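**Student:** What follows is a structure written as structure tokens; I'll ask about it next.
The values are calculated or read from the model by the stated rules, or taken from the named source; none is laboratory data. What you are looking at is a predicted structure, and each value in this text was computed from that prediction instead of being measured. No Cβ is skipped: glycine too gets one built from the backbone with ideal geometry, and neighbour counts run over all protein chains shown. With ligands, DNA and RNA removed, areas are computed over all heavy atoms of the protein, side chains included. Shrake-Rupley method; radii C 1.70, N 1.55, O 1.52, S 1.80 Å.
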Amino acid sequence: MTQPTPPRTDVPAIEIAGLYKRFGDNEVLKGIDLTVKAGQVVCVIGPSGSGKSTLLRCVNRLEEPTSGQIRVEGIDILDPEIDLDKVRARIGMVFQSFNLFPHLTVLRNLTISQRRVLGRSKGEAEEIARANLERVGLSDKIDAYPAHLSGGQQQRAAIARSLSMSPDMMLFDEPTSALDPELVGDVLDVMRALADSGMTMMVVTHEMGFAREVGDELVFMDDGMIVEEGNPRDVLANPRHDRTRAFLAKVL
Amino acid sequence: MRRTTRRRLTRGAMYALFVAAIGLIAMAADWERLRRVFFQLDVAREQFPEIVTIAAKNTVLFTVISFSGGLVLGVTLALMKLSPVLPYRWLATVYIEVFRGLPALLTIFGIAYVLPIAFGVRAPGGSVGAGLVALIMVAGAYIAEIVRAGIQGVPKGQSEAARSLGMSPARTMFFIVLPQAFRIVIPPITNEFVLLVKDTSLLFIAGSTLLTKEITTFSRDAVSTSGNATPLVMGGMLYLLITIPLTRLVAVLERRMAKTR
């Protein structure tokens, strides 16, 4: 039980088909089809309100899709019969606002769900937590409370918290948008190293440099639809659609 | 005249008025009579040790019992009120509205006298037991609203993060949301505790024996047997001895908590 099974590589990590999401009268996602293969880094860019965060949050069902299909490692996560908590434990999620647990030390932030969800022993959980803190360069903050960390440190601790669950894939929801500019680099470095280690990643971001250098695939969304997708270098250098071109002209 | 001069003169006049008023009261007051009615040493001495070993002890004991019971009931009601199951929400809402709306005195009276007569139901522990059950029911309603507000005061991202890590709704509530909610509610819930210290004085309506008197009942009875108001002053001082350290403690806790948030 404590040894997680390795990620499956014979099926796509994430498979989204015909996904719609409506908040009241507001249609946020209008038919999304997207596949993330195991080991791939897919970056999602687009203007605010384009639905990219909602799309990401649908993948672990923090948002309930209105219709469509989402498969994670071949499992239909919209099937009411599945154990959603089990699926979520295999999907790491990193939020724009970090969402570390303020009443727990960094170490307890990293161990609580290992122990309560995966049933790991205290010793094992702490060992894994230490290893992941070292990975994100926060070994010296192990006993600190989140309030005593800078934004960049908090985000790296949050990444380490997700990694401690030994997830098969990681979702990043604008992980650097709430950070002071000088703290963005450290977080991106951690994410880059993670991508290099072969982690499957879906990243909603405004960091075009990161998308170009680290991403295997770039998805441009606007108005609830995928307008364009492809190799990041190609899309960024030669956008085929007017809307992509207009957006890139503004941010680059 | 310059503005600073004028301000200084006004302030001087205010001090003078204050001193004059105090002086007037001090001169007009019948000190001997005041001392005789409110501060008689031999009457005061007669109250010991019972005023501490029975009255103060009971006030603290009854407060702790009704607060603990009210806390359990209140958290349960708060969780019911936030439940996705509609009947639970209704039930909690009706309960909270009723017992916050009724005077505590009436609830105590109802549980102690009306319930046994109407249904033959008797609370355990005699009349004090009945009174305590009523206080728990009332405290539960108030604490429920405090705890609900506390739970809703925890940012949504906290439960989203916990759920994303695979925690079930129950684990998320108990390990992530409730601990943070309790920090938020410490000031209002201490306020509720202080209110309960005073509300134990309402237990007299349920009736009390020699051993179950709390401070107010004890002082009142001592006033009528001694024909002197000294026990009342002593009772009042005992209440303050209990409540003031509590409110001070909260201030310290709040300050310490502000550091880790």
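**Student:** Evaluate the following for A:S162: is it surrounded by 18 or more Cβ atoms within 10 Å (Cβ to Cβ), assigned to a helix (DSSP H, G or I), within 12 Å of chain B (Cβ to nearest Cβ) and modelled with pLDDT of 95 or more?
**Tutor:** Criteria met by A:S162.
**Student:** Here's another thing I want to ask about it. Which ones in the range A:165-214 are more than 13 Å from the chain's Cα centre (by Cα), in contact (Cβ under 8 Å) with a residue 24 or more places away in the chain and outside any helix (DSSP H, G or I)?
**Tutor:** Passing the criteria: A:M165, A:S166, A:S177, A:A178, A:L179, A:D180, A:G198, A:H206, A:E207.
**Student:** Let me ask another. Which one is farthest from the other protein chains (Cβ to nearest Cβ) among residues in the range A:126-151 that are in a loop (DSSP other than H, G, I, E, B) and open to solvent by 60 Å² or more (accessible area, probe 1.4 Å)?
**Tutor:** Restricting to residues being in a loop (DSSP other than H, G, I, E, B) and open to solvent by 60 Å² or more (accessible area, probe 1.4 Å), the top hit is A:D143.
To keep it simple, each residue is scored yes or no on (1) open to solvent by less than 10 Å² (accessible area, probe 1.4 Å); (2) of a type in the set (S, T, Y); (3) in contact (Cβ under 8 Å) with a residue 60 or more places away in the chain; (4) over 30 Å from A:P146 (Cβ atoms).
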| residue | (1), (2), (3), (4) |
| --- | --- |
| B:P169 | no, no, no, no |
| B:T172 | yes, yes, no, no |
| B:F175 | no, no, no, no |
| B:R183 | no, no, yes, no |
| B:N191 | no, no, no, no |
| B:V194 | no, no, no, yes |
| B:I205 | no, no, yes, yes |
| B:L210 | no, no, yes, yes |
| B:E214 | yes, no, yes, yes |
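**Student:** To continue, here is another question. Residue check: is A:A249 open to solvent by 70 Å² or more (accessible area, probe 1.4 Å) and assigned to a helix (DSSP H, G or I)?
**Tutor:** Yes; evaluated as a whole, the condition is true for this residue.
**Student:** Of all residues being open to solvent by 40 Å² or more (accessible area, probe 1.4 Å) and of a type outside the set (S, T, Y) in the range B:138-167, which is farthest from the chain's Cα centre (by Cα)? Just the residue, please.
**Tutor:** B:R163
**Student:** Name every residue in the range A:17-51 that is under 18 Å from A:G92 (Cβ atoms) and open to solvent by less than 20 Å² (accessible area, probe 1.4 Å), in order of residue number.
**Tutor:** A:V36, A:V41, A:V42, A:C43, A:V44
**Student:** Only one of these is open to solvent by 70 Å² or more (accessible area, probe 1.4 Å), part of a helix (DSSP H, G or I) and of a type outside the set (G, A, S): B:M237, B:M257. Name it.
**Tutor:** B:M237
**Student:** Turning to a different aspect of this structure: Would you confirm whether any residue within the range A:116-125 is in contact with an Asp or Glu (Cβ under 7 Å, 6 or more places away or on another chain) and either more than 8 Å from every other protein chain (Cβ to nearest Cβ) or more than 21 Å from B:K156 (Cα to Cα) (or both)?
**Tutor:** No, there is no match, as no residue in the range A:116-125 is in contact with an Asp or Glu (Cβ under 7 Å, 6 or more places away or on another chain) and either more than 8 Å from every other protein chain (Cβ to nearest Cβ) or more than 21 Å from B:K156 (Cα to Cα) (or both).
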